[in-house]
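The values are calculated or read from the model by the stated rules, or taken from the named source; none is laboratory data. Not measured: the values here are computed from a predicted model. Cβ sites come from the backbone with ideal geometry, for glycine too, and all protein chains shown count toward neighbours. Each accessible area value is taken on the protein alone, full model and side chains, heavy atoms only, with ligands, DNA and RNA left out. Shrake-Rupley method; radii C 1.70, N 1.55, O 1.52, S 1.80 Å.
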Amino acid sequence: MNAPHSRRTFIAGTGALVVSFSLNRAFAQEGGAAAPKPPGPKLPGDLSKFPKMDSWIKLEADGRVTVFAGKAELGTGIKTAFTQCAAEELDVASSAITMITADTALTTDEGYTAGSHSMQDCGTAIRFAAADLRAILLELAATRLSLDAASLKSADGTITAADGRTVKYGELVEGLDQHRDVRAETGIKKSGTFAVIGKPMNRVDIPGKLTGGESYVQDMRPEGLLHARVVRPPAYGAKLAGIDTAAVEKLPGVVKVVRDGSFLAVVAEREDQAILAMHVLEDAARWNDTTALPKQSDIQSYLRALPSSATTILDRGTIGQPGVKALRATYSRPYKSHGSIGPSCAVALFDGGNLTVWSHGQGMFPLRSALSKLLSLAPEQVRCIHTQGSGCYGHNGADDSAADAALIARALPGRPIRVQLMREQEHGWEPFGPAMSAQASAAVDDSGKLIDWQYEVWSNTHNMRPGGAGNLLAGQLIEAAFKPDDPKPIPQPEGGGDRNSIPLYALPNARVISRFIPQMPIRISALRGLGAYLNVFAIESFMDEMADLAGTDPVEFRLKHLEDARARDVVTKAATEFGWQPNAKLPRGRGQGFAFARYKNLGAYCAVAMDVSVDRQTGIVKIGRVVAAVDSGEAVNHDGIRNQIEGAIVQSASWTTLEEVTFSDKEITSRDWSSYPILRFPDMPDSVDVHVIDRPDQPFLGTGEAGQGPTAAAIANAVQRATGVRMRDLPLNPARVKAAIGV
Amino acid sequence: MATITVNGKQVKVDAAPSTPLLYVLRNDLKLNGAKFGCGLGQCGACTVLVDKEPVYSCLTPISVLEGRQVTTIEGLGTREDPGPVQRAFIAEQAAQCGYCIPGMVMRTQALIEHKPHASESEIRDYMAPNLCRCGTQIRILRAIRRAMNEMRTASAEIAR
């Protein structure tokens, strides 16, 4: 909440202070995957992997508290929610807490910050660790005061006895062993007693971001900093055939040209000098051997014709029931860009044989592993420190720029190197969200219930994250190139391409087949929601189609097939708050749509209702009023949840009505915001209202990715009601809408 | 060597005249607010004011700034004493990653100075050059309306 917080985090990450600190921390991290599992029931959240208290929280003698989160702040407000978790369970002021996030020298290895997992895995661990630390402090104070611990009260870092005597937390630190297993049986506070959880708390990072604070890796300016730019090949597979660097090396400010195979970069004293030199270098480079790309207009049939392996992930009852009415439909999505507003950036320093990298990637430990392979260093010689960047929404160019910075830094030991991608490099080379398609068929019986459901989904992997050095672009470009890892599907129940392909609805006879396509003609990886975006779009569009076939209102049709009480509550809440009317009479060109999903069938529940208008002349779909309901389990920060769902709705509206990565037979052609347009202010919905259904004392379910799928289907369902035309191929952009309605 | 005026202070900068203002602000003056987003004038992350007009600092060479006033988000207020537009964005929690937000704030500042009574559609049209990828626009619009109301009220009180 105040300047010292973020400042201290930075200092902890950049200065010499770290050396002694990291020795402590290496000790605190004992008990990783290789350590013997503690006896007793599985510990909650990531305590199950790292059971030591000081892996998560540490009290100092001055009463200050440091919380160590292995998850990173990606702009979702997670640092604030973690702070609330710790402040609540430990009974300290949030201003007494310093939050350290994802740093290979200081925090636990919680893998990637992805999949809406942060609250479940990390938030839960912090709560239990803080609660047990408080319990220990109460026991120590009870001994000191010769009283029963149950008679003591704690607040704001101070323990108070009924007789008025007080003990400050910090006074109990001496001799306190904080490197101990957390006792899960201590438990966490019950709702109703909360002072911080579920109460409004402003984001701790917003004031700095609003006043020019040093908030991002892009803002780092350590002493002696040099600026670098890379030259990317013109197309996939291109090899650097030759280059004369003499002219570039004579340019003002240029310090060095770094070349290794087809990896090419230039380093200069000033950023603008590096950019000018990059352009000269681009002109001087000669490339050959580009890889041919499939025809964009045929991409779905191209992908489906590639070899694939089928897994039946749901096989219930006896499929093939004819019912009284049946339908079959195919849905698809194109490649989509993460499109971060700030091109990816990293700072690296190679000094004394050790590499330090400041990166906004989602997994600092996997990045360390990849960089150590890339540079042939031991993992202990590499430290990766998460430092915020522009929102990523999945695996964008962040890890690539970290690898760029590392290679360049190794060529200039002792000087910190900052490299930021150019817009066209981010757009042209990021790993996109994969193109996908799905086929659904179903039948209803004479009571209007679904009697048969069959669904198949075709997809590449959704995870080409580093781990392997070949998953870093630079790793593929250097002379001694690394091969990308073999693509693997992400197994159910979370799933990758088949995420959310099993409907939550009660279906007596159903089969779902996941078809995994290993071969990837376009560079791809994780984009917010993975396969859930297409699968929820398809299933929830198809539910509307089946509702129409059954002659039932779409909201009623969903409720008719939903047994999960929390799912029913979310659907009912969204419909009620929207004022959903079956067969609402709307003016020509306007329609209302509804959709629902439980993310991954085990995360947050989210339902979206909206109205749209479709301009028949232009084909533009304009979203009017949007109402959503979300159940993320116990709500720590209501406004944080609303902010995430509002953002998901707007982002998905952009994906759904506009976005499509374009490519020629040689190269990606959507390389800026004019060739890859996203929604601008005049295109925004009239309003977005999000209703949070709080579930006190229930586990956290995460939030970040719950809204994308339902929004896409709600738009398509509303467009169908506005135009009478069902659109099943994304995006619903003006050209496609015009073609579909025949104008 | 060029002389420019940023947030009311004259500064001498040792950079080529063609250097875009953005790099001078960020690297020579160590001002974090204006951000590199595209270098093409398509996203607005680098927006600052020059004589109260919003400009893309990524496309504005310092050679054209002689005798003109450059204002960045750092010139609107500080963490301890934020200006009215900054306060409104904080009050509405109008940010997710926040990378685009300084540009949004600067365009909002210009909007309110030029059109203090802008309608909803005028606000949206005026803000069209600036992109946000997190989908924070609905909150940004709330923050703009809040800032507009507060600044109108404040100027009305001064007039009284």
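Computed quantities for the displayed model
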| item | result |
| --- | --- |
| Residues within the stretch A:44-83 that are under 28 Å from A:Asp639 (Cα atoms), assigned to a helix (DSSP H, G or I) and away from chain B (no Cβ under 14 Å), tallied | 5 |
| Any hit, the stretch B:10-22, residues being under 17 Å from B:Leu131 (Cα atoms), touching a strand residue (DSSP E or B) at 6+ places or on another chain (Cβ under 7 Å) and outside any strand (DSSP E or B) | no |
| Residue in the stretch A:227-236 that is under 22 Å from A:Pro484 (Cα atoms), under 30 Å from the mean Cα position of the chain (by Cα), open to solvent by 40 Å² or more (accessible area, probe 1.4 Å) and away from chain B (no Cβ under 14 Å) present | yes |
| Residue that is touching an Asp or Glu at 6+ places or on another chain (Cβ under 9 Å) and either more than 30 Å from A:Ile78 (Cβ to Cβ) or open to solvent by 10 Å² or more (accessible area, probe 1.4 Å) (or both), where the choices are B:Leu40, B:Leu65, B:Leu76, B:Leu59 | B:Leu40 |
| Selection count, the stretch B:38-87, where residues are more than 10 Å from chain A (Cβ to nearest Cβ), within 20 Å of B:Ile140 (Cα to Cα) and either outside any loop (DSSP other than H, G, I, E, B) or small (Gly, Ala, Ser) (or both) | 8 |
| Residue that is surrounded by the fewest Cβ atoms within 10 Å (Cβ to Cβ), among those in the stretch A:422-473 that are among the hydroxyl-bearing types (Ser, Thr, Tyr) and in a strand (DSSP E or B) | A:Ser441 |
| Residues within the stretch B:111-126 that are within 14 Å of chain A (Cβ to nearest Cβ) and open to solvent by 40 Å² or more (accessible area, probe 1.4 Å), tallied | 6 |
| Elements of type strands (runs of 3 or more DSSP E) contained in the stretch A:335-401, each with 1 or more residues being of a type in the set (Gly, Ala, Ser) and open to solvent by 10 Å² or more (accessible area, probe 1.4 Å) | none |
| Residue in the stretch A:63-77 that is open to solvent by 20 Å² or more (accessible area, probe 1.4 Å) and of a type in the set (A, V, I, L, M, F, W, C) present | yes |
| Set A:Thr124, A:Thr143, A:Thr211: member being of a type in the set (Ser, Thr, Tyr) and more than 30 Å from A:His360 (Cα to Cα) | A:Thr143 |
| Strands (runs of 3 or more DSSP E) within the stretch A:547-649 that include 1 or more residues touching a helix residue (DSSP H, G or I) at 6+ places or on another chain (Cβ under 7 Å) and over 24 Å from A:Asn535 (Cα atoms) | A:590-598, A:605-614 |
| Pick from the stretch B:25-37, criterion in contact with an Asp or Glu (Cβ under 8 Å, 6 or more places away or on another chain) and at the interface with another protein chain (Cβ under 8 Å from one of its Cβ atoms), ranking: surrounded by the most Cβ atoms within 10 Å (Cβ to Cβ) | B:Gly33 |
| Qualifying residue in the stretch A:300-308 (condition: touching a Phe, Trp or Tyr at 6+ places or on another chain (Cβ under 7 Å), under 30 Å from A:Pro508 (Cβ atoms), polar (S, T, N, Q) and surrounded by 13 or more Cβ atoms within 10 Å (Cβ to Cβ)) | yes |
| Test result for A:Ser376, in contact with an Asp or Glu (Cβ under 9 Å, 6 or more places away or on another chain), modelled with pLDDT of 95 or more, over 30 Å from A:Ser675 (Cα atoms) and of a type in the set (S, T, N, Q) | no |
| Out of A:Gly157, A:Gly164, A:Gly123, sole residue that is touching a Gly at 6+ places or on another chain (Cβ under 8 Å) and open to solvent by 10 Å² or more (accessible area, probe 1.4 Å) | A:Gly157 |
